1. Using +1 at the Cβ of each Lys and Arg and -1 at the Cβ of each Asp and Glu in the chain, identify which of ILE128, TRP245, ALA24 lies farthest towards the dipole's positive end.
2. Please state the shape class of segment 207-320: rounded when a/c is under 1.5, otherwise prolate if a/b exceeds b/c and oblate if not, all from the C-alpha gyration tensor.
3. Order by neighbour count: ASP214, ASP141, ASP265, ASP274, fewest other Cβ atoms within 10 Å first, most last.
4. Counting other C-beta atoms within 10 Å, which of VAL212, VAL262 has the fewest, and how do the rest follow?
5. List the residues whose amide H sits under 5 Å from the amide H of GLN70, counting only those 5 or more places along or on another chain, with H placed 1.01 Å from N in the peptide plane.
6. Taking the Cα centre of each part, how many Å lie between segment 260-291 and segment 101-154?
7. For segment 1-79, run through the chymotrypsin sites (Phe, Trp or Tyr not before Pro) and keep only the ones in DSSP coil with at most 13 other Cβ atoms within 10 Å of their Cβ.
8. Using Cβ contacts closer than 10 Å as the measure, can you line up ILE128, ILE209, ILE228 from fewest to most?
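What follows is calculated from the coordinates using simple rules that are stated; it is not laboratory data. This is a predicted model, so every value here is computed, not measured. Neighbour counts run over all protein chains shown; Cβ positions are idealised from the backbone, glycine included.
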Amino acid sequence: MTPFSRDMANADIVVVGAPFDKSAPMNASHKYGPKALRELSKNFMGTTEPWMDGKFDVPFDLARIVDYGQVDTYGCFDLSQEVEVVMEHFEKIVLEDGCSTFTWGGDHTTRYVPLNVLGKLHAPLGCILFDAHYDLVTYADFPYRYHSGNQFAKNFAEGTLDPERMIQMGIHGRMTGLVGGHAKSFGVTSYMPDECRDMHPKEMTSKVIEAVGDGPTYIFDLDALDAIYISASSAAEPFGLDANWCWDVIRHIRASEKVNLVGADVVEYAPQNDPAKTFVYVAAALSWKILCWIAADMAKNNGVDHPTVWEQALGSVTLG
């Protein structure tokens with residue numbers, strides 16, 4: 001429900017669709033994810049939601065949020081070319097216009113671009129990740145410049161992401177053994193779903209805060225979730241995390257006000273594998289919750305609220 005605009009003069013947070021699909025190992029259609037998430041996010045209706053202590057989340061009162069739409073990579077049959085096209089858009093949005101981004105993907109390849117560009121601005125980022133896979137593949141493991149498994153290692157090498165300020169929750173599945181040693185080598189903190197389930201969300205929250213500190217931080221993913229929540233993914237892994245457990249961790253981290261969130265994404269949604277639209281509601285709801293968090297942290301960092309400019313005749317969208 002965010003107003004569409006490519007005029008960054010009145011923008012603080014920019015929602016961007018990145019249609020990467022070429023590196024999905026199976027269960028493709030991620031390039032249609034941003035479109036499906038936009039459509040389904042409207043079904044929740046309204047622009048306010050209870051937060052905590054009797055307060056309400058109204059992100060549009062806190063920051064100027066615009067929907068950039070989807071980056072057009074139609075005709076980019078080479079993945080490197082597609083990454084470079086998307087990179088140009090993000091560099092303008094972040095480095096030239098000074099905005100933060102919330103990105104809808106797209107397969108895991110999506111994340112390389114916003115991490116890299118925001119990391120150039122904040123030098124470097126911390127990362128809170130809910131993921132089934134390490135995604136720490138190096139060039140020595142798989143000699144391709146871009147793919148869905150090297151976005152973190154590549155950003156480590158380029159100095160835009162700090163491995164010692166990165167925490168992964170939900171690592172599981174048969175592929176984890178392929179690069180499991182890399183997490184220790186890089187200094188990344190990782191937890192398996194069984195370890196997560198044995199912890200109360202507040203205990204996990206403390207570990208996240210300890211890992212990432214108060215520096216600029218990036219968040220998310222989806223495929224750490226159990227297959228009951230994420231069957232529409234390129235690599236669904238059973239015995240993952242519960243969506244409510246993940247949300248509890250997220251809300252406790254935000255409530256602590258000890259983590260500075262400057263960017264986020266929701267990737268790995270493949271809509272053609274979700275005919276009943278069961279998973280997209282979880283993906284869209286988590287997108288909204290995280291967008292509220294980014295807006296709140298931006299207003300805190302700015303020391304002032306920057307309400308969204310609404311050109312449409314939608315009436316009042318504030319609680320003021």
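1. Result: TRP245, furthest along the dipole toward the positive end.
2. oblate
3. ASP214, ASP141, ASP274, ASP265
4. Fewest-to-most ranking of VAL212, VAL262: VAL262, VAL212.
5. GLY17
6. What the calculation gives is 17 Å, centre to centre.
7. TYR74, PHE77
8. Listing ILE128, ILE209, ILE228 from fewest to most nearby Cβ atoms yields ILE228, ILE209, ILE128.
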